[in-house]
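Chemist: Below is a structure I'd like to ask you about.
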Amino acid sequence: MKTLFILNPRLKPEKKKEVENAAKTCLNEDYDFLKGNICDYDARALKDYDHFVAVGGDGTIFAAVNAMMETSARKLTIVPAGSGNDFARSLGIKGDIFTILKEAKEAAPRPMDLAMWNDRYFINIASVGFDADVNANNSDSMKRFGPFSYTLSVVKTLFTYRARAIEKEGIPLTRWTLFTIGNGGYYGGGFPIFPKASPFSGELLFLGAGKSRLKFILPFLICLFAGKDHLWKKDMVRQSFQSMEFTLLEEANVNLDGENFREKGPVTVRVLPKELLYVGPSNQ
């Protein structure tokens with residue numbers, strides 16, 4: 001079996017060359033570099049690979065994992081090279097490409113959780129609400145500004161967002177400002193939405209904020225960033241869970257690891273404990 005490198009399609013040529021040199025230096029096993037987009041390959045084309053290396057941000061990891069889950073491969077290495085790199089931040093991955101691949105070569109595979117939103121897999125964050133609209137408004141042209149693009153998108157979203165209609169049994173709230181689920185702890189270029197999240201815990205975390213938070217969205221987000229959201233008790237829900245069901249009562253933007261989808265109707269979110277084998281450095 002071989003290792004497959006999946007590169008962010010927007011990776012600059014000099015960065016691609018750096019990855020190629022690092023692979024040549026650090027790896028002894030057979031490996032290939034994917035040509036084109038991983039979404040264009042079916043399971044038969046990927047059957048010779050048992051180890052995927054995602055070089056990019058959360059979107060690249062999302063694409064790699066969803067392709068991997070159509071095969072028998074489960075080993076995953078992450079090399080942060082995107083605009084946000086939030087899941088890499090959750091794992092505490094630091095260092096240059098050579099260092100990361102060298103540590104991956106020496107690391108023992110570690111079981112790591114994955115999550116599902118209906119029939120799609122995600123590894124970091126899933127959300128509906130203000131943050132999902134921020135993600136949808138963060139266009140490719142804005143992403144050239146790196147993590148600052150999320151700040152620009154927040155400002156843009158402030159003028160258009162309205163609370164989303166979501167029904168969840170056991171919770172009286174039906175209009176939501178935030179409805180966010182995490183396997184990892186960060187999103188939006190470093191926003192610590194779930195500081196205590198761990199993709200090795202066997203559970204997911206949920207943060208819900210009702211419609212009343214919308215008119216105070218900026219101070220509320222600042223408190224969230226500073227870890228002071230306990231100051232906002234009204235219409236706030238925090239839970240840990242392994243499986244959750246709810247209904248999107250209207251079509252809305254859905255953010256899965258930075259990828260945007262439009263959905264309406266019943267949703268089941270669940271964790272798949274120890275589904276992946278993470279190979280690489282981690283401070284978790």
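Chemist: Under a GNM of the chain (C-alpha, springs under 10 Å), which listed residue has the highest mean-square fluctuation: L204, L256, L11?
Modeler: Of the options given, L11 has the highest mean-square fluctuation.
Chemist: Sticking with this one: Would you please give the FRET efficiency between L249 and S72, computed as 1/(1 + (r/R0)^6) with r the Cβ-Cβ distance and R0 = 41 Å, to the nearest 0.05?
Modeler: 0.60
Chemist: Which residue, V128, V155, V53, has the most motion in a Gaussian network model of the chain that connects Cα atoms within less than 10 Å?
Modeler: Result: V155 has the largest fluctuation of those listed.
Chemist: Sticking with this structure for a sec: Most fluctuating residue of F87, F33, F216 in a GNM of the chain with Cα springs under 10 Å: which is it?
Modeler: F216
Chemist: Under a point spin-label approximation (7 Å from Cα along Cα-to-Cβ), what is the K17-R238 distance to one decimal in nm?
Modeler: 4.8 nm
Chemist: Compute the distance in nm between two label points, each set 7 Å from the Cα along the Cα-to-Cβ direction, one at T174 and one at D48.
Modeler: Using points 7 Å along Cα→Cβ, the separation is 5.6 nm.
Chemist: I've got another one for you. Accessible area of the stretch 28-185 with a 1.4 Å probe: how many percent of it is carbon plus sulfur?
Modeler: It is 50 percent, rounded to a whole number.
Chemist: While we're looking at this one, here's another question. Please give the charge dipole size of the chain, origin at the Cα centre, charges +1 on K and R Cβ atoms and -1 on D and E Cβ atoms. Round to the nearest 20 debye.
Modeler: Here the chain has a charge dipole of around 840 debye.
Chemist: Taking the Cα centroid of the stretch 67-83 and of the stretch 188-253, what is the distance between the two, rounded to the nearest whole Å?
Modeler: 26 Å
Chemist: Indicate, rounded to the nearest 5 percent, the antiparallel portion of the DSSP beta bridges found entirely in the stretch 1-137.
Modeler: 15 percent
Chemist: If Lys and Arg each add +1 and Asp and Glu each add -1, what is the summed charge of the other residues whose beta carbon sits under 14 Å from the beta carbon of R110?
Modeler: Around R110, the surrounding residues sum to -1.
Chemist: Report the antiparallel proportion of the DSSP beta bridges in the chain as a percent, rounded to a multiple of 5.
Modeler: 75 percent
Chemist: Quick check for you: with a 1.4 Å probe and neighbouring chains kept, what is the accessible area per residue of the chain, in Å²?
Modeler: Per-residue value: 47 Å².
Chemist: Okay, moving on. Each residue of the stretch 193-207 in turn: what ³J(HN,Hα) in whole Hz from Karplus with 6.51, -1.76, 1.60 and θ = phi - 60°, glycine and Pro shown as x?
Modeler: 3J(HN,Hα) across the stretch 193-207, in whole Hz: 5, 9, x, 9, 5, 9, x, 10, 8, x, 8, 10, 10, 10, 10.
The values are calculated or read from the model by the stated rules, or taken from the named source; none is laboratory data. Nothing here was measured: the structure is a model prediction, and the numbers come from that model. Cβ sites come from the backbone with ideal geometry, for glycine too, and all protein chains shown count toward neighbours. These area figures cover heavy atoms from the full protein model, side chains too; ligands, DNA and RNA do not enter into them. Shrake-Rupley method; radii C 1.70, N 1.55, O 1.52, S 1.80 Å.
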